[in-house]
Structure formats: structure tokens, C-alpha cells
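Values in this text are rule-based calculations from the coordinates and carry no lab data. The structure presented is a predicted model; accordingly, all values stated were derived computationally and were not measured. No Cβ is skipped: glycine too gets one built from the backbone with ideal geometry, and neighbour counts run over all protein chains shown.
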Ligand SMILES: *Cc1c(COP(=O)(O)O)cnc(C)c1O
């Protein structure tokens, strides 16, 4: 996409976040914008970086690694947000700052073991299948406390919070799953006082206002920054 358009889109999304925070009495500094750049060429990320964006989310490992190579001169904070096979954990442990889509212990154990010594622990969000949808990624709410406790005990990881991608709904109902995720995080805080548990990764282009109204601390926006994907 044209560089100017990305810059304008970014500004518009940031304004939406600020407006929404003001409307619900939140500090805009408490909501981080993650630019979701899957399928986008490295030049689009560079344009967003030049406009002040620092955190980028990628879903496909091979594609992400290529872009990391092309953008090695930029101080980008890299977030992995897609599904991950357990035989592909090493590259995430070595090359990313955050992983939002941990939904089983085996993945977490491998990420912890493969996190290079001398780097800070990998920031982890557990992905919750908040609507209990069949064939969707994410741990079911029932399984969350046990998974969270096990992940919290792993030395190469730090448990930052929860992530979810709710099923599509009418605008009036969009807050329900986000409120549920916020409650699950509040519950975990009482169970695991030693972990930061300061992150609710929720809200995308179509529902970021509902997510912020329910306590999102990180919204993941792709389409409204970079345009529609093929
Ligand atoms: C693609 C994607 C997004 C961004 O979605 P948009 O609707 O394009 O803003 C956010 N989170 C995850 C996990 C994604 O895969």
C-alpha cells in the first residue's frame, strides 16, 4: 500500500483508540497498538515504523522470518500471534519478543527450553477459546487455571496475560466475550500473584472499541492500517 496511506491509516487508528479511551475514562497510554502485518511486504512495515509504530504482529513463521531479515536495521518489537506447530517453536523462542497464541503446555515447555540464555524471558499470552468453538485454537476457560499455573513455573517465559479472538457478533454483543476474558485474567491474578498478568490482548479492526471498553491493554489491528488482505 502507498506509504502515505499507511501513515494516514495509522493516525486514524491511534485517534480511534484515544477517542475511545476518553469516552470510557481510560488513559490512552494503557492501550498499546500492535500492527498486524501478516501478508504485507517489508516496505509496508517500514512505512509504519517511520510513522512511529514499533510493535508488529505476524502469523506465519516463514514469512515473519523473511521480513525480520529485511528489517534487521529497525528496532522492532516482534509479536507472534498465529497458530504454531510444536516443531517450529525454536525460531519463535529465538527471534520474537512476545508470543500471544500459547494454548498448550507442550508449546510453552519448548519455548521456555529454547529461549536463549541472556535474553529476557519470552512474554507469553495464553490464547483462550472464549466462545468454546469447535476446531478453534485456544485453551477452553475450564482448562485455563491449570495451564496458566504450569506456564508460570517455566523459567524462560513470563506470563503477561490472555488473548482471544471471539466469534463474530452483533455490535451490541461484542463486549460479552471481552468482559469474560477480563474476568478470567482477574481470577488468574488472585491465583498467581508472582506473575505480571498485566495484558489483555483483544480487539481487532472491527471490534477494538468494544475491547477497549472492556479493558484491552493491547489491540491487534491489521486491515485498518494496511488495507484488506487478499
Ligand atoms: C489477522 C489478525 C488480526 C488483525 O485482524 P484485522 O481484522 O485485520 O484487524 C488480529 N489478531 C490475529 C490473531 C490475527 O490473526
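A few points about this structure:
- Percent breakdown of C-alpha pair distances by 5 Å bin, ordered from the shortest bin, for the stretch 129-224: 2, 14, 23, 24, 19, 11, 5, 1, 0
- The chain, relative contact order in percent, only Cα pairs under 8 angstrom and at least six apart counted: 20
- Alpha-carbon gyration tensor eigenvalues x 5, square-rooted, for the stretch 60-195, Å: 26, 19, 13
- Calculated [θ] (222 nm, deg cm²/dmol) that DSSP helices of n ≥ 4 give over the chain, each run adding -39,500 (n - 2.57): -12000 deg cm²/dmol
- Taking 6, 76 and counting other C-beta atoms within 10 Å, the order from fewest to most: 76, 6
- Against the compact-protein benchmark of 2.2 N^0.38 Å, the Cα-based radius of gyration of the chain scales to 0.97.
- The stretch 35-83: Cα Rg divided by the 2.2 N^0.38 Å rule of thumb: 0.99
- Equivalent-ellipsoid semi-axes of the stretch 1-129, from the Cα gyration tensor, Å, largest first: 27, 19, 12
- Full-extension gain in nm, residue 149 to residue 133, via 0.36 nm per residue minus C-alpha separation: 3.4 nm
- A compact globular protein would have a Cα radius of gyration near 2.2 N^0.38 Å; the ratio found for the stretch 1-73 is 1.22.
- Separation of the residue 230 and residue 73 label points, Cα + 7 Å toward Cβ, nm: 2.7
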